[in-house]
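Trainee: This is the structure I have questions about; it appears just below.
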Amino acid sequence: MKKLFLSIQLSLFFAFSAYCIEIKTVDPSFWWTGMKNSELQILLYGEDIASCEVEISSQSARLTNKVVLENPNYLLLYLDLSSAQPEKFDITLRKGKKKKIIPYEFKERKPGSSEREGFHAGDVLYLIMPDRFANGDPGNDVVKGMLEEKVDRSEQYARHGGDFKGITDHLDYIADLGVTAIWVNPVLENNMPEASYHGYATTDYYKVDRRFGTNEEFVDMIEKAHAKELKIVMDMIFNHCGSEHFFFKDKPSGDWFNFSDNYVQTSYKTMSQFDPYASEYDKIKAVDGWFVKEMPDLNQRNPHVAKYLIQNSIWWIEYAGIDGIRQDTHPYADYDMMARWCKEVIEEYPDFNIVGETWLNSNVGVSFWQKDSKLAWPRNSYLPCVMDFPLSGIMNRAFDEETQEWDAGMAAIHEYLTQDIVYADPMNLLVFLDNHDISRFYRTPEQTANLNRFKQAVTFLLTVRGIPQLYYGTEILMAADKGNGDGTLREDFPGGWPGDTRSAFTAAGRTERENEAFNFLKNLLHWRKGNEVISKGSFKHFAPVHATYVYERKYNGKSVVVILCGSDQQQTIELERYKEVLPADTAKDIISGTKIDLSQSTLTLLPRSVMLLEF
C-alpha cells in the first residue's frame, strides 16, 4: 500500500512538473501608473525560461520587447505604460505543455508622490548603522537559512543584532536631539557568509535584510519617523553587489559584470575619471575593477543593468517613501550611467536630493562630481549633492592646532573656504566630522576630556555652508580610531541592547561629561532648526588673526556672527576690523545665553572659546 501511495505521489509530481515553469524571482513584483518614465523593465529568473512564449493580459499596458540573454534562466520584459491604468493582470509564460501564470499589479500612486521634499541645507542628517544602533527585536537576530547564522557583540566584524525596531523605539531620542533626518547605512539583504553587518554587499535589491526586519517594518519605521518630522535617507550601492547575489552566482550574461571571468581589484584612484592625462589602463582599472573580491563590479554600461538599477531606486522611493538617497562609491561606477540615473530620479521627483560618496582628497576632485560643474563641462553628472571629504580632514586637525600658518588651525579652514568658487553649489555639500568609514572625531576616550574641541567643531559644522551630518554617538563623545579596525568605528550605542549596563539614551545613563556634550549639541541643533539665516543665508568671513576666525551668515535682514578662538591663550581682537558684520552694540551669544557688549574697541576671548552672536 505504501509503495502504491509513493508511486502515485511521484506520478503526480512528474505530471505537475511537466506542466509547470518555475519562477524564482520577479523584479520588480509590482509597479505604479502615472510615472513620467513610461517604460517598465520586468526581470524574470527561473529554470530555462528564455524560450518561453510570453503574453500579458493587461488592458492598458503593452509588451514591447522580450529580451533573451546569454543565460537561458533569464527573461527581460519591457512594457509600455504610457496609457497604463491601475489594474491587476497576469503575465503568462508557455513552453510546449508547460505554463506559468504570474500575477502582476499596477498600483495607483499616492497623491503628491512626485512632490516629496528631499533633504537640504535646513536639515541635519543623523547617520546610523542599523546593526549597531539598537536591538529592538532579538527574535530576528539569527534567521535560519541565511549564511551568517550567529550574533557576537564581542567581535567587531560580526553581526550584533540591531534592527528597524531598535531605530523605531528610539525615534523620540533622535527627534529630541534636534536633527531633522536619518541616514541609514544599507538595509537591503546581505546574505554573505561573514561581515554582513555593514550592508554594502547587496544580495537582493528588492528586499531588506530579514535580520533588520521586513519590507513592511522598514516602511513602518519610515512612516513613524515622518510623524516626528524626521526624513529618511537610504544608502544605495550601484557600483557592485555581493558575490552571493544570484546575478553573480548565475550570471545573466558575460557583460553583466566587469572582469566577470577574472577578478581584478580597483586601483581606488578614481581621479582618473577627470585626469586629463590618465591612461586608458588607469581609467579601466579604477572604474571596472572590483572594490573587493566579495563585491563584483556591475557593468552599468550594459543598458539592462542600468535600467534595473535606475528602476530599483525609483521603486524604493515610491514604495517606502524615502526622502533622499546616499549613493555609495559614486565615482567608481560609469559616469554617464550615473548621470542618467540622477537625471531620471530628479525628473520623477523634482525636489528630491541625492548625495554621492565622493571620497577624494581635494575640493577640485569633489567639485567635478557635482551637478553643473564647470570642471566637467560639457558633461554633467546631475548629482545634486557631494560629500565634502577634504573639509572633514581639515576640521579633524584645525581644532587642535594653534598656528598662524596658512595650512593649519583656523587659517586652514579659512583657506579652504576661500576656494568654494570651484563648487557649482556650495550649499549642497554634505559636511561632516566623521562617519562609518573614517576615524571618529575623537580617536581615543582620553581625548574626550577636551570639550572645547567638541564645542568649536560642532558649532562650526552647524553654521558653515552646506548640509551637516552627524554620526551616531558623536553626541555622547564616542571615540574610535580606524587603525583599530572598521568595526570599532561602528560600535554599539550604549543602552541599545537588553541587559546593557547603562543607557546613553537617557540623561541618567550618561556621564556628566557626556551630558554636557549632549546638551550643548542639542541646544545648538534646536536653535538651527528652521533658522533660515543658516539654511539660506550668505557667507562672509575674515582672514584669521590671533588664531581667531570670524564669519557671518546673513539672510533677510537677520544675521549670525561666529567667533572661533583657536588659541590656547586668551586673545583680544580689534572690533573695528569686523565692523561690517556687527550692526549693533550688543548681541545675544547663543552659546552662553548672555548679552555681549560690542560697544568697546576690543573684545577679549577665552582660550579655545566659541561665540555665536545673533543680530
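The values are calculated or read from the model by the stated rules, or taken from the named source; none is laboratory data. This is a predicted model, so every value here is computed, not measured. For neighbour counting, all protein chains shown are included, and Cβ atoms are generated from backbone atoms with ideal geometry for every residue, glycine included. Only protein heavy atoms, including side chains, enter the accessible area calculation; ligands, DNA and RNA are left aside. Shrake-Rupley method; radii C 1.70, N 1.55, O 1.52, S 1.80 Å.
Trainee: Identify, from the list Ile591, Ile573, the residue that is among the aliphatic types (A, V, I, L, M) and assigned to a loop (DSSP other than H, G, I, E, B).
Mentor: Ile591
Trainee: Just a yes or no: is a residue in region 283-294 assigned to a strand (DSSP E or B) and touching a residue at least 24 places away in the same chain (Cβ under 8 Å)?
Mentor: Checked against the condition, which is being assigned to a strand (DSSP E or B) and touching a residue at least 24 places away in the same chain (Cβ under 8 Å), region 283-294 yields at least one hit.
Trainee: Just need a number here: residues in region 451-464 that are in contact with a Gly (Cβ under 9 Å, 6 or more places away or on another chain) and part of a loop (DSSP other than H, G, I, E, B).
Mentor: The total comes to 0.
Trainee: Residues in region 126-145 that are of a type in the set (Val, Ile, Thr) and either surrounded by fewer than 23 Cβ atoms within 10 Å (Cβ to Cβ) or free of Cβ contacts under 8 Å to residues at least 40 places away in the same chain (or both): how many?
Mentor: Count: 2.
Trainee: Checking Phe368 against (1) open to solvent by 10 Å² or more (accessible area, probe 1.4 Å); (2) out of contact with any helix residue (DSSP H, G or I) (no Cβ under 7 Å at 6 or more places or on another chain); (3) without any contact (Cβ under 8 Å) to a residue 60 or more places away in the chain: exactly one of these is not met. Which one?
Mentor: Among (1) open to solvent by 10 Å² or more (accessible area, probe 1.4 Å); (2) out of contact with any helix residue (DSSP H, G or I) (no Cβ under 7 Å at 6 or more places or on another chain); (3) without any contact (Cβ under 8 Å) to a residue 60 or more places away in the chain, Phe368 violates only (3).
Trainee: Within region 268-277, is there a residue that is within 28 Å of Pro72 (Cα to Cα) and either surrounded by fewer than 16 Cβ atoms within 10 Å (Cβ to Cβ) or not acidic (Asp, Glu) (or both)?
Mentor: Taking every residue of region 268-277 in turn, none turns out to be within 28 Å of Pro72 (Cα to Cα) and either surrounded by fewer than 16 Cβ atoms within 10 Å (Cβ to Cβ) or not acidic (Asp, Glu) (or both).
Trainee: Then there is this: Does Gly178 satisfy the condition of being crowded, with 24+ Cβ neighbours inside 10 Å and touching a helix residue (DSSP H, G or I) at 6+ places or on another chain (Cβ under 9 Å)?
Mentor: For Gly178, the condition - crowded, with 24+ Cβ neighbours inside 10 Å and touching a helix residue (DSSP H, G or I) at 6+ places or on another chain (Cβ under 9 Å) - is not met.
Trainee: Of everything in region 598-612 that's over 33 Å from the mean Cα position of the chain (by Cα) and assigned to a strand (DSSP E or B), which residue is farthest from Ala457 (Cα to Cα)?
Mentor: Thr602
Trainee: Is at least one residue of region 75-84 of a type in the set (S, T, N, Q), under 34 Å from the mean Cα position of the chain (by Cα) and surrounded by fewer than 21 Cβ atoms within 10 Å (Cβ to Cβ)?
Mentor: Looking through region 75-84, at least one residue is of a type in the set (S, T, N, Q), under 34 Å from the mean Cα position of the chain (by Cα) and surrounded by fewer than 21 Cβ atoms within 10 Å (Cβ to Cβ).
Trainee: Further, regarding this structure: Quick one: in region 531-563, of everything that is outside any strand (DSSP E or B) and either open to solvent by less than 30 Å² (accessible area, probe 1.4 Å) or touching a His at 6+ places or on another chain (Cβ under 6 Å) (or both), which residue is farthest from Gly122 (Cα to Cα)?
Mentor: For region 531-563, the residue satisfying everything is Ala547.
Trainee: Within region 295-319, restricting attention to residues that are over 19 Å from the mean Cα position of the chain (by Cα) and part of a helix (DSSP H, G or I), which residue is farthest from Val187 (Cα to Cα)?
Mentor: Pro303
Trainee: Taking the condition of being open to solvent by 30 Å² or more (accessible area, probe 1.4 Å) and part of a strand (DSSP E or B), how many residues in region 190-214 meet it?
Mentor: The number of residues fulfilling the criteria is 1.
Trainee: Only residues that are surrounded by 18 or more Cβ atoms within 10 Å (Cβ to Cβ) and in contact with a strand residue (DSSP E or B) (Cβ under 7 Å, 6 or more places away or on another chain): list them for region 106-125, please.
Mentor: Result: Phe106, Gly118, Phe119, His120, Ala121, Asp123, Val124, Leu125.
Trainee: Still on this model: Just need a number here: residues in region 564-576 that are open to solvent by 10 Å² or more (accessible area, probe 1.4 Å) and either within 25 Å of His526 (Cα to Cα) or out of contact with any strand residue (DSSP E or B) (no Cβ under 7 Å at 6 or more places or on another chain) (or both).
Mentor: 3
Trainee: Oh, and also: Working carefully through the options Arg502, Arg528, find the one that is among the basic types (Lys, Arg) and open to solvent by less than 30 Å² (accessible area, probe 1.4 Å).
Mentor: Result of the check over Arg502, Arg528: Arg528.
Trainee: Okay, moving on. Just to verify a result, which residue in region 436-450, among those that are over 22 Å from the mean Cα position of the chain (by Cα) and over 14 Å from Met478 (Cβ atoms), is surrounded by the fewest Cβ atoms within 10 Å (Cβ to Cβ)?
Mentor: The selected residue is Ala449.
Trainee: I would also like to ask the following. Given Gly473, Gly509, which one is more than 23 Å from Thr586 (Cα to Cα) and out of contact with any Lys or Arg (no Cβ under 7 Å at 6 or more places or on another chain)?
Mentor: Gly473
Trainee: Additional query: For Glu108, work out the one condition from (1) acidic (Asp, Glu); (2) under 28 Å from Val345 (Cβ atoms); (3) within 22 Å of the chain's Cα centre (by Cα) it doesn't fulfil.
Mentor: Here Glu108 meets the rest and fails (3).
Trainee: Counting only residues that are in contact with a Gly (Cβ under 9 Å, 6 or more places away or on another chain) and modelled with pLDDT of 95 or more, give me the helices (runs of 4 or more DSSP H) lying completely in region 326-413 with at least 2 of them.
Mentor: 335-348, 389-398
Trainee: Applying the selection to region 451-482, what residues are open to solvent by 10 Å² or more (accessible area, probe 1.4 Å), farther than 23 Å from Leu612 by Cα and of a type outside the set (D, E, K, R)?
Mentor: Answer for region 451-482, where residues must be open to solvent by 10 Å² or more (accessible area, probe 1.4 Å), farther than 23 Å from Leu612 by Cα and of a type outside the set (D, E, K, R): Met478, Ala479.
Trainee: Still on this model: Where the second residue is open to solvent by less than 10 Å² (accessible area, probe 1.4 Å) and assigned to a strand (DSSP E or B) and the first is within 11 Å of Tyr197 (Cβ to Cβ) and at pLDDT 95 or above and lies in region 146-162, which pairs have Cβ atoms under 6 Å and are six or more apart or on separate chains?
Mentor: Going by the 6 Å Cβ cut-off, the qualifying pairs are Val151/Arg159.
Trainee: Give region 236-259 a look and list any residue that's surrounded by fewer than 16 Cβ atoms within 10 Å (Cβ to Cβ) and either touching a Lys or Arg at 6+ places or on another chain (Cβ under 9 Å) or closer than 17 Å to Tyr332 by Cβ (or both), or say none.
Mentor: Matches in region 236-259: Asp255 only.
Trainee: Okay, moving on. If I ask for residues that are assigned to a strand (DSSP E or B) and either at pLDDT below 95 or buried (at least 16 other Cβ atoms within 10 Å of the Cβ) (or both), which ones from region 26-53 would you list?
Mentor: Matches in region 26-53: Val26, Asp27, Trp31, Trp32, Leu40, Gln41, Ile42, Leu43, Leu44, Tyr45, Gly46.
Trainee: What's the number of the condition Asn302 fails, among (1) at pLDDT 95 or above; (2) in contact with a strand residue (DSSP E or B) (Cβ under 7 Å, 6 or more places away or on another chain)?
Mentor: (2)
Trainee: Consider only pairs whose beta carbons are under 9 Å apart and that are at least six residues apart or on different chains; among these, list those whose first residue lies in region 59-83 and is touching a residue at least 24 places away in the same chain (Cβ under 8 Å) and of a type in the set (Gly, Ala, Ser) and whose second residue is loosely packed, with under 15 Cβ neighbours inside 10 Å and not in a strand (DSSP E or B).
Mentor: Between residues of region 59-83 that are touching a residue at least 24 places away in the same chain (Cβ under 8 Å) and of a type in the set (Gly, Ala, Ser) and residues that are loosely packed, with under 15 Cβ neighbours inside 10 Å and not in a strand (DSSP E or B), the close pairs are Ser60/Ser83; Ser60/Gln85; Ser60/Pro86; Ala61/Ser82; Ala61/Ser83; Ala61/Gln85; Ser82/Ser38.
Trainee: Criterion first (surrounded by 15 or more Cβ atoms within 10 Å (Cβ to Cβ), among the small types (Gly, Ala, Ser), under 33 Å from the mean Cα position of the chain (by Cα) and closer than 26 Å to Tyr319 by Cα) does Ala61 satisfy it?
Mentor: no
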